[in-house]
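As structure tokens, the structure follows; a few thoughts come after it.
The values are calculated or read from the model by the stated rules, or taken from the named source; none is laboratory data. This one's a predicted model, so the numbers in the text were calculated from it and none came from an experiment. Here the Cβ positions follow ideal geometry from the backbone for every residue, glycine too, while neighbour counts run over all protein chains shown.
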Amino acid sequence: MLDGRTRTLIQKRIEALKFFVWIGIVGLLVAYGWVQLVKRREMQELALRQAVKNRTTPASRGIIFDRSGQKLVDNRRALHLVIQAEELPGDSRQVQDLARMIQRDPDDLKRRIALSRQVGGNHLVVLQENLDDAGLAQAELLRARFPFLSVQVAPRRSYLGEDLAGHALGYVGEVDEKLLEKEPARYHLGEIVGKGGFEASRNNDIRGVDGQRRILVDHLGREMALYGVKDPVPGRSVYLTLDAGLQQVLKEAFGPENGAGVVIDLRDGGILALYSSPSYDPNIFLNRLSQEMVQRYLRNPVNPMLNRVTQGLYAPGSTFKLLTALAAMEKGILKPETVFYCGGHKMFYNRDYRCDGAHGSVNLIQAIAHSCDIYFYELGMRLDVDDINAAAKKYGILEKTGVDLPHEAVSRVPSRAWAKIFRPKEPKWYAGETISVVIGQAQNALTPIALARFYGMFATRGKLITPHLLYGFRNEQSGQMDLFQSPAPRETGLDPKIWSVLDEGLAQVVEIGTAKASKIPGLAMAGKTGTSQVTTFVDKAHYAKLEKKFKDNALFAGYAPRENPQIVFAVVAENAGFGASSAAPIAKKLCEYWFVNRLKNPLPPPGGKLPDAFKLEARKEEGEGVAP
């Protein structure tokens, strides 16, 4: 039995315990009231952030058509294995295990995740692209082990012509770190952007605006409910000036030969065909490249990724003689009736220079028609290299053409100032060097598109056009076509008397001269063949033994028809021999298609109404007959 003192002590302890219990209850009530009344909205938002996730919905890029409405680039539905930016894993060992299971370099994946955290924002880290059935099955197994993974539906580019117009169209890929650093406000990590060709130069027009979905997820990351949707806005559909039929003819005409060809509409500068050989299929860059593909395309010494039309620099050979004649006539040292004698070879500056034939006494028109080197060597004795450079500058050769493709190279015609800058060890210019310059050899280097533009200047009697691929856009709201306003041509001030002489010389090249084998009955063409040496050789017997890579480059540039010209073209066939036998036949095939085979489907005039390819597609689906 407890004594009074013990009972009193126990009673006090019970009372103290009750006090603390009540204090706890009051504290809990106060805390509950604080959470429910004061912190309710904040706690709700925190709970929602844990359960409600934002999912980016990638926008599709604009569809690309040729000028007649034939689809060149489309989009299709694809499934990618991704990590949402808000769910990036922090466990290094977990990331390493994931990388091993999806066969990716662990360090690369860790770097991607670290970069994603650094840039912030709501974006995706794509792990595997274009999942097939087996890939989807593997993705579900991976998601059971790595709950932060998800499968994302995304549009995927599809290049319907494969390698038909790879360099003109370009390709797409994920935005790189350099572009993110350069324009962080415009691009986000994981975005698909143009990496080459028209896809790159017009990326801001073709790209769309991503949408967003707010979804409720369970503890495993599974989607339970949809809270809100902001639909993506697709990019603008675009029409190119390319004609798919002519493009196909140009591709087939090159066959296995390397080189470049371009055809330009003289009415507005629209590029009707642009082909660089070897070409590439842009579809190969939609997946991660294997080592074999890297070697084949990116480390290939033939450089198939180089757009030879806008970036290839070639000695123009005899196609350059028109600039030499133009400079000499403007300088007043040459008249159309000026005659020089060609005996097949002649000494200049104590060196024996050859010609392909013994042409006898020839005037300027005959010299152009038969490509007499001796005639132009004589001009080289009388012209200064700076006079030639000045003419090249005046007639647009030494500037970019302004074509709407990235990384266009600038053509080169030497001068004394050029020698001082680019060969400081031997800055002095010797008169004997001009002998080679006047026939398009030595330090001359022109891009095929610059050569075509120069010949287009003759076709238009002195106007410099701006080549371009953009023809127009489809306005998605109105359904109307917004035509591209091509830049106005620039007048050069070419003397009409000089033009008439040179135009006659170019016509005679095809009628009776070096390109007569490529003459098309009923079509008057004007052009100039060219053959540029790649290496030196002693004589024809020595040349015949050279490997193909040391053979001459073949060129042909011109316009058609001679009266009221419609198109201008330039063709370069690498290591293919003579311009007359290798390059001119390619141009002939182009003209045969354009002026003979295509007469049943004439082009709409520049500034006219574009064909509505969407309506054409709808009519095809309904089974209506549509003219090709």
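Restricting attention to the range 271-322, which residues are of a type in the set (Val, Ile, Thr) and either assigned to a helix (DSSP H, G or I) or over 14 Å from the mean Cα position of the chain (by Cα) (or both)?
Residues satisfying the conditions are Ile284, Val294, Val302, Val309, Thr310, Thr319.
For the range 335-357, give me the residue count where each residue is modelled with pLDDT of 95 or more, among the hydrophobic types (A, V, I, L, M, F, W, C) and assigned to a loop (DSSP other than H, G, I, E, B).
1
Condition check: touching a strand residue (DSSP E or B) at 6+ places or on another chain (Cβ under 7 Å) and part of a loop (DSSP other than H, G, I, E, B). Does Ser478 satisfy that?
no
Assess whether Gly440 counts as being exposed (fewer than 14 other Cβ atoms within 10 Å of the Cβ), part of a loop (DSSP other than H, G, I, E, B) and on the phi > 0 side of the Ramachandran plot.
no
Could you look through the range 387-406, keep only residues that are in contact with a Ser or Thr (Cβ under 7 Å, 6 or more places away or on another chain) and not in a loop (DSSP other than H, G, I, E, B), and pick out the one that is surrounded by the fewest Cβ atoms within 10 Å (Cβ to Cβ)?
Checking each candidate, the answer is Lys394.
Among (1) in contact with a helix residue (DSSP H, G or I) (Cβ under 7 Å, 6 or more places away or on another chain); (2) crowded, with 19+ Cβ neighbours inside 10 Å; (3) over 19 Å from Ala580 (Cα atoms), where does Pro448 come up short?
(3) is the only condition that Pro448 fails.
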